[in-house]
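Enquirer: Dropping the structure in here first, questions after.
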Ligand SMILES: [Zn+2]
Ligand SMILES: [Zn+2]
């Protein structure tokens, strides 16, 4: 492998890491925003655990890490299975799946007491490969409408600055409704 190939692969891996953070953030935004606990399927499976996490963020750490990571592992395997069935599997999909599957665990690191974190995790947080508690806490502060991405500290500032989430609300809230967001009720485009 020559230097150019190494640089190309490295750039793609970094890009896939940031993309996994973005996709996880979009899903988190949807969980926080669309529908409510009574929405069929979506409500009990996705909204309810999310509402619980917002009400008591530290409760996540009372749950063992294994069951806490199972839903995202299943989701990742389902996506990769579809890609494989469609005969479209590439190494990029596997790398994306590996990063995406880490989403909840990295989120847990941001909620864990520092004493319980290994030196390697603290190092990765310090050099800003992983998001740390301070950055993630920006999402848990009212009004909870920024910093939806939980893996890195790099994607959130860009999305928050360009108004990405507010644009997503204009597109999807009139279609799916956002009964948990009274701040959107007076928007002219809101037709839930
Ligand atoms: Zn949230
Ligand atoms: Zn959190």
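Enquirer: Looking at 83, 9 in this structure, which one is farther than 23 Å from residue 136 by Cα, surrounded by 12 or more Cβ atoms within 10 Å (Cβ to Cβ), out of contact with any helix residue (DSSP H, G or I) (no Cβ under 8 Å at 6 or more places or on another chain) and at pLDDT 95 or above? Break it down stepwise before answering.
Expert: Values: 83 fails: out of contact with any helix residue (DSSP H, G or I) (no Cβ under 8 Å at 6 or more places or on another chain).
It is 9.
Enquirer: Could you grab me the full set of residues in segment 40-54 that are surrounded by fewer than 17 Cβ atoms within 10 Å (Cβ to Cβ) and more than 16 Å from ligand 2 (Cβ to nearest atom)?
Expert: 40, 41, 43, 44, 45, listed by residue number.
Enquirer: Further question: Within segment 86-99, does at least one residue satisfy the condition of being more than 16 Å from ligand 2 (Cβ to nearest atom), in contact (Cβ under 8 Å) with a residue 24 or more places away in the chain and within 24 Å of residue 49 (Cβ to Cβ)? Talk me through it step by step, then tell me what you get.
Expert: Going residue by residue through segment 86-99, those that are more than 16 Å from ligand 2 (Cβ to nearest atom) are 86-99.
Checking the rest, the ones that are also in contact (Cβ under 8 Å) with a residue 24 or more places away in the chain come to 92, 95-96, 99.
With the extra rule that they be within 24 Å of residue 49 (Cβ to Cβ), the set shrinks to 96, 99.
Checked against the condition, which is being more than 16 Å from ligand 2 (Cβ to nearest atom), in contact (Cβ under 8 Å) with a residue 24 or more places away in the chain and within 24 Å of residue 49 (Cβ to Cβ), segment 86-99 yields at least one hit.
Enquirer: Of the residues 144, 135, 140, 111, which is under 18 Å from residue 66 (Cα atoms) and over 13 Å from the mean Cα position of the chain (by Cα)? Give the steps one after another, and end with the answer.
Expert: Details: 144 fails: under 18 Å from residue 66 (Cα atoms); 135 fails: under 18 Å from residue 66 (Cα atoms); 140 fails: under 18 Å from residue 66 (Cα atoms).
On inspection, the qualifying residue turns out to be 111.
Enquirer: Of all helices (runs of 4 or more DSSP H) completely enclosed by segment 112-163, which ones contain at least 3 residues that are more than 16 Å from ligand 1 (Cβ to nearest atom)?
Expert: Values: elements: 119-126, 133-140, 155-162.
The qualifying helices (runs of 4 or more DSSP H) are 119-126, 155-162.
Enquirer: Right, next: Go through (1) more than 18 Å from the chain's Cα centre (by Cα); (2) touching a residue at least 40 places away in the same chain (Cβ under 8 Å) and name the single condition residue 37 misses.
Expert: So the condition that residue 37 fails would be (2).
Enquirer: Might you check whether a residue that is over 14 Å from the mean Cα position of the chain (by Cα) and more than 26 Å from residue 11 (Cβ to Cβ) occurs anywhere in segment 97-106?
Expert: no
Enquirer: Which one of these does residue 178 not meet: (1) within 18 Å of residue 28 (Cβ to Cβ); (2) away from ligand 1 (no atom under 16 Å from the Cβ); (3) surrounded by 17 or more Cβ atoms within 10 Å (Cβ to Cβ)?
Expert: (2)
Enquirer: Here are some conditions: (1) part of a loop (DSSP other than H, G, I, E, B); (2) under 20 Å from the mean Cα position of the chain (by Cα); (3) away from ligand 1 (no atom under 16 Å from the Cβ). Residue 188 meets all but one. Which one does it not meet?
Expert: Checking residue 188 against (1) part of a loop (DSSP other than H, G, I, E, B); (2) under 20 Å from the mean Cα position of the chain (by Cα); (3) away from ligand 1 (no atom under 16 Å from the Cβ), the one that fails is (2).
Enquirer: In segment 99-111, is there at least one residue being under 29 Å from residue 56 (Cβ atoms) and in a loop (DSSP other than H, G, I, E, B)?
Expert: Narrowing segment 99-111 to residues under 29 Å from residue 56 (Cβ atoms): 99-111.
Still in the list and also in a loop (DSSP other than H, G, I, E, B): 102.
Checked against the condition, which is being under 29 Å from residue 56 (Cβ atoms) and in a loop (DSSP other than H, G, I, E, B), segment 99-111 yields at least one hit.
Enquirer: Which of the numbered conditions does residue 68 fail, given that it passes all the others? Conditions: (1) closer than 30 Å to residue 175 by Cβ; (2) within 16 Å of ligand 2 (Cβ to nearest atom); (3) surrounded by 13 or more Cβ atoms within 10 Å (Cβ to Cβ).
Expert: Residue 68 satisfies every listed condition except (1).
The values are calculated or read from the model by the stated rules, or taken from the named source; none is laboratory data. Treat the numbers as computed from the prediction; the structure is a model and nothing was measured. Counting neighbours? That spans all protein chains shown, and the Cβs are built from the backbone with ideal geometry, glycine included.
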